[in-house]
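See below for the structure under consideration.
The numbers here are math on the coordinates, done by the rules we state, and not lab data. Because the structure is a prediction, the values reported are computed rather than measured. All Cβ positions, even for glycine, are placed from backbone atoms using ideal geometry, and neighbour counts span all protein chains on display.
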2 protein chains.
Amino acid sequence: MGEGSLVPETRVLAVASHVVSGYVGNKIAVFSLQSLGCDVAALNTVQFSNHTGYRQWTGSRVSAQEITDLYQGLKQSYLDDFDMMLSGYVPGAPALEAVGQIAQELKRKAESKPGSFFWVLDPVMGDNGNLYVAPDVVPVYKSLLHHADLVLPNQFEAELLSDVPITDMASIGRALQVMHERYGIPHIVITSVSLPHPDHPVSSLSVVGSSMTTAGRRARAFKIVFPAIDCYFSGTGDMFAALMVVRMREAVHNNNNQGSRDGEGQGGGLMGRASWLSDDDVDTLDLPLARAAEKVLASMHEMLAKTAERMEEVVEKARAEAGVERGVVVDGEGAGAEAEKKRMHLLKSKAAELRLVRHLDSLRFPKVEFRATRL
Amino acid sequence: MGEGSLVPETRVLAVASHVVSGYVGNKIAVFSLQSLGCDVAALNTVQFSNHTGYRQWTGSRVSAQEITDLYQGLKQSYLDDFDMMLSGYVPGAPALEAVGQIAQELKRKAESKPGSFFWVLDPVMGDNGNLYVAPDVVPVYKSLLHHADLVLPNQFEAELLSDVPITDMASIGRALQVMHERYGIPHIVITSVSLPHPDHPVSSLSVVGSSMTTAGRRARAFKIVFPAIDCYFSGTGDMFAALMVVRMREAVHNNNNQGSRDGEGQGGGLMGRASWLSDDDVDTLDLPLARAAEKVLASMHEMLAKTAERMEEVVEKARAEAGVERGVVVDGEGAGAEAEKKRMHLLKSKAAELRLVRHLDSLRFPKVEFRATRL
């Protein structure tokens, strides 16, 4: 039963933040990857008590030198045999440069075997119009993009990288085209697109993806529309990225094994091709990227819905326990009311932590409901 | 299917080492706990590139102050609501003292609700007659033992803690009795016992466990004999400890819900009792500890067998790849032979990494083959 559902053996280097409690960064990515059968090397760029959405945390960052040292440690013991790399939040420009060096070295090492290494880059810079990294991080990301195989910006990050203001589906298409052309990024998925559009009911979101053609770097763009859940969750981008790693490899592997047109005359099929780029005449809706994104969204949607279902109950329980144990004043004004507001923010943040460990089946066996359509 | 098999909701604080690549310490414990449905707060005491069995590694330790700070970070955001704690390798006496403070604080906080917090302490000090921590760590462990609910020494650590030289099953029984009496440890499992005994075929190992009686702290000792696998694996103690956390809670929960004799007149059953200690007249072979250990050993045995099966293939593959890519001399003498010996040690270490992510079913649905018998 379970074992049959595993993806092909895949060794992944995952570089992102670690939080002791909760599920963001590597804490959510590593479990997502492992539960689908990946052997994950988890290089943690920070160790924080909890994610920054709580507005208070403790812990420390790992320096650029330490990141480089850890990678050297892997290398000297033949532990750098990665099939894929996933990079997420990296604190500061020097640390990001160190991570970029690692990715470039792994790319170079794989040059003689096209398709044997694939880098998924989540350019974590900001969201909803706000930059939450230092400004000098942006040019470092721009300099690294042309080494990445799949880039996963959110809407705001896509604007930053393409310099195209995204206001409608047409401009999102232009942003994709610019990113393919300017940086040569083979595959792009823009996550959490929220735009007015006839296809978009008010409470819908979409992801928009594209795999470029080899000739002319033309975008082949699709979108997947799905119902929004009215709640702010953290870690969704990190979970999305981790699942894309696995599902992309799985989709390319399946395509490969179907002996499709892609495989013929290329000696080894799609998996043996640089950046796993499908033939130029492959239709947008037949792209492995579209298959992968559909499956990932299905997992995401199930997980968010199940977490939201339990949120209220969890908040109530936490409220009761904290109130009793700590004797916190529940009503009041001034300092008391402020403290209560803070406490409720903390309890809600905890209740919104994604319940991955209780819903393994949603990670492993998602039911695809939302299909890709042409942009 | 999957979701029905989950243990009751359990929030665990896991304190141990983190390795980027491979499976020891928190890297193996966190996944084991999560895959069985636990919400795990993972406080990493080191970040190393790989485990020390490779004989070379990079990375750094987390200081005692940082450990304390991370816990304070959890506390200030109401994230210290743990049902259980698992502590494994902690580097040095000051850091171990910091971890001990956390455990004692959590115990104190739970005093008014017996059974609401349970500490599983793996006193990582050494193995096979060798101490691999600083000597000043030993007295710190001894000072902490009387706060722990379940302690999991290996044979060597049991000797250190009890001052009883273990040479046969009779002396192991005495060591258990001493640890119950001297430190008041409610539950003990001694892992990887390797002793001459008529019940022990040459290639067998056993674990020996005991839950004490409340009156007189008498040992109720059992053993489980299982076939040894001729290979040196790392991380087995950490995996054993993590699975014991889950399976102990599950066994106590099941016992509780059966409305057994234990529950009657105690208001809330076994889970509502300090250290989940069964009534004094409960037979050794009916102890939840025995049920838990049987299930854990079943998972362990399946995982080790499956890892061993693939080891040779993995070594060959790694040997071929490394040889081709790095141009390493395979035959030779002097420095060349030394280098080759080192390389083979590294490749074998990698191949012996436990393949948890490929055998989730062995973690979740183990088939119990080896049963507890009276010591």
Averaged across B:338-349, how many Cβ atoms of other chains sit within 10 Å of each residue's Cβ atom? 1
Taking region B:90-138 as the region of interest, what is the percent of Cα-Cα pairs per 10 angstrom bin, listed from the shortest bin to the one with the maximum distance? 24, 41, 25, 10, 0
Between B:HIS146 and A:THR214, how high is the FRET efficiency from 1/(1 + (r/R0)^6) when r is the Cβ-Cβ distance and R₀ = 56 Å? Nearest 0.05. 0.25
Put a point 7 Å out from Cα along the line to Cβ at A:GLN101; what are the distances to that point in the other copies, in nm, shortest first? 3.6
Taking the highest mean first, how do the peptides B:115-122, A:180-187 order by number of other beta carbon atoms within 10 angstrom per residue? B:115-122, A:180-187
Computed over chain B: relative contact order in percent, which uses C-alpha pairs under 8 Å that are six or more apart: 16 percent
Longer than 32 Å from Cα to Cα, which of A:LYS27/B:LYS348; B:LYS107/B:LYS348; A:LYS223/A:LYS342; B:LYS223/B:LYS342; B:LYS27/B:LYS341 are they? Say none if no pair is. B:LYS107/B:LYS348; A:LYS223/A:LYS342; B:LYS223/B:LYS342
Take the Cα pairs of the protein assembly as shown, get the Kirkwood Rh, then feed it into Stokes-Einstein at 4 °C and 1.567 mPa s and tell me D in µm²/s. 48 µm²/s
Find, to one decimal place in angstroms, the Kirkwood hydrodynamic radius of region A:116-176, where the mean of 1/r is taken over every pair of different Cα atoms and then inverted. 12.2 Å
Relative to the other copies, what are the label-point distances for A:SER63, with labels 7 Å from Cα along the C-beta vector, expressed in nm at one decimal and sorted shortest first? 1.3
Can you list the copy-to-copy distances for B:LYS341, using a point 7 angstrom from Cα toward Cβ, in nanometres, shortest first? 7.0
Within the set of other residues whose C-beta is less than 13 Å from the C-beta of B:GLY25, count the net charge using Lys and Arg as +1 and Asp and Glu as -1. -1
Counted neighbours (other Cβ, 10 Å), sorted fewest up, put B:THR214, A:THR236 in the order B:THR214, A:THR236
FRET efficiency (B:ALA305, A:ASN257; Cβ distance; R0 45 Å; to 0.05) is 0.95
Charge tally in the Cβ shell below 13 Å around B:ALA93, where Lys, Arg are +1 and Asp, Glu are -1, B:ALA93 excluded: 0
What is the distance, in nm, between label points placed 7 Å from the Cα along the Cα-to-Cβ direction at A:HIS345 and at B:LYS109? 2.1 nm
Per residue, what volume in Å³ does the Cα convex hull of region B:59-216 take up? 134 Å³
If you rank A:SER21, B:SER162, B:SER143, B:SER204 by fewest surrounding Cβ atoms within 10 Å, what's the result? B:SER143, B:SER204, B:SER162, A:SER21
Other protein chain Cβ atoms within 10 Å, averaged over every residue that makes up B:93-104: 0
Could you give the C-alpha radius of gyration of region A:22-86 expressed as a fraction of 2.2 N^0.38 Å, taking N as the number of residues it contains? 1.27
Under 20 Å Cα to Cα from B:LYS113, which lysines show up? Leave out anything in the same chain fewer than 8 places away. A:LYS317, B:LYS75
Could you work out the relative contact order of region A:15-154? I mean the mean sequence separation of Cα pairs under 8 Å and 6+ apart, divided by the number of residues, in percent. 21 percent
Once you have the Kirkwood Rh of region B:1-121 from its Cα pairs, apply Stokes-Einstein at 20 °C and 1.002 mPa s and quote D in µm²/s. 142 µm²/s
Tell me the label-point distance for the pair A:ARG371, B:ARG11, using the 7 Å Cα-to-Cβ offset, in nm and rounded to one decimal. 4.3 nm
Label point distance in nm, B:TYR132-A:ASP136, each placed 7 Å from Cα along Cα→Cβ: 4.1 nm
How much length would be gained if the chain were fully extended between A:TYR232 and A:GLU312, taking 0.36 nm per residue of separation minus their Cα-Cα distance, in nm to one decimal? 27.5 nm
Suppose R0 equals 30 Å. What FRET efficiency, 1/(1 + (r/R0)^6) with r the Cβ-Cβ distance, do B:GLN72 and A:ALA337 give to the nearest 0.05? 0.75
To the nearest 20 Debye, how big is the dipole of chain A about its Cα centre, given +1 on the beta carbon of each Lys and Arg and -1 on that of each Asp and Glu? 100 debye
Beyond 35 Å, how much of the Cα-Cα pair distribution for chain A remains, as a whole percent? 24 percent
Counting each DSSP H run of 4 or more residues in the protein assembly as shown as -39500 (n - 2.57), what helix-only mean residue ellipticity at 222 nm follows after dividing by all residues, to the nearest 500 deg cm²/dmol? -13500 deg cm²/dmol
Ordering B:302-309, A:144-151 by per-residue average of other C-beta atoms within 10 angstrom, highest first, gives A:144-151, B:302-309
